[in-house]
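A short reminder: the numbers here are calculations on the coordinates, not readings from a lab. Every value quoted in this text rests on a predicted model; they were computed, and no experiment measured them. Note that each Cβ is placed from the backbone with ideal geometry, even for glycine, and that neighbours are counted across all protein chains shown.
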Amino acid sequence: MMYSKEGFDEKVIEKVFSKIVEHHDALRIVIRKEENKLIQYNRRVEDKLFDLSVMDLGNKESYQGEIEKESMKIQSSINLFDGPLVKLGLFKTKDGDHLLIVIHHLVVDGISWRVLFEDISTGYRQAINKEEIELPAKTHSFKEWSKNIINYAKSSKLLEEIKYWR
């Protein structure tokens, strides 16, 4: 959950997250069942890749319970098969805005969150300043990383460790 006393611009959030899910391949993943196997499938950038729910709680004196209830709904609405695996909740209050960012753990981990927060911050600042959103150069794609992990798992170097791990 991010907080801004000045509030968040809904259109800017949409613009930033469109760029984020385009830039980070893993955020476009859904699961498909094929021949009794679960396959990670990367959706096209033209697909709906994140949901943004906006709630105006500005007229409520006490809004924390409402934010918690709606946050739970957003978190529990993620569907691995239909996606998207990225869901946002923007809660507008009299004290500022709260932005909930929910991403399924299948596609993000603790290290990735740091990268994403940096990209979100950079993209938001650029968009607010009417600049084009430019994120750091892409590293390896999720698909390329997956292939390298499989090859490493089959490597003679790693296979030499089987005795130790047994």
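Quick notes
- Karplus 3J(HN,Hα) series, Hz, for the range 144-150 with 6.51 cos²θ - 1.76 cosθ + 1.60 (x for Gly, Pro): 5, 4, 4, 4, 5, 5, 4
- Phi angles across the range 83-90 convert, under the Karplus curve 6.51 cos²θ - 1.76 cosθ + 1.60 with θ = phi - 60°, into 3J(HN,Hα) values of x, x, 8, 10, 9, 10, x, 10 Hz, Gly and Pro given as x.
- Derived scalar couplings ³J(HN,Hα) [the range 127-141; Karplus, 6.51 cos²θ - 1.76 cosθ + 1.60; whole Hz; x for Gly, Pro]: 5, 4, 7, 6, 9, 5, 6, 10, 9, x, 4, 5, 9, 6, 6
- Working from Cα pairs under 8 Å separated by at least six residues, relative contact order for the chain is 26 percent.
- Net dipole in debye of the chain [+1 Lys, Arg Cβ; -1 Asp, Glu Cβ; about Cα centre; nearest 20]: 720
- Amide H contacts under 5 Å for Val54: Leu90, restricted to partners 5 or more places along the chain or on a different chain, H placed in the peptide plane at 1.01 Å from N.
- Correct choice for semi-axes √(5λ) of the Cα gyration tensor in Å that was computed from the model, options (1) 35, 19, 15; (2) 32, 25, 11; (3) 25, 17, 14: (1)
- Between the helical axis of 10-23 and the longest alpha-carbon principal axis of the chain there is an angle of about 10 degrees.
- Residue among Val115, Asn42, Gln126 farthest towards the positive dipole end of the chain, charges placed on Cβ: Asn42
- Counting charges near Ile120 (Lys, Arg +1; Asp, Glu -1) among other residues having Cβ under 12 Å from its Cβ returns a value of +2.
- A Cβ-based charge dipole, computed about the Cα centre of the range 90-146 with Lys and Arg at +1 and Asp and Glu at -1, lands at about 120 debye.
- Net charge, Gly7 excluded, C-beta distance under 14 Å - Lys, Arg +1, Asp, Glu -1: -2
- Within the range 2-165, percent of DSSP bridges classed antiparallel, to nearest 5: 75
- Long-range amide H partners of Gly96 with built H, under 5 Å: none
- Computed from Cα atoms, the angle from the helix 64-76 axis to the main principal axis of the chain rounds to 30 degrees.
- Mean-position separation - Cα centroids, the range 4-43 and the range 53-119, in angstrom: 13
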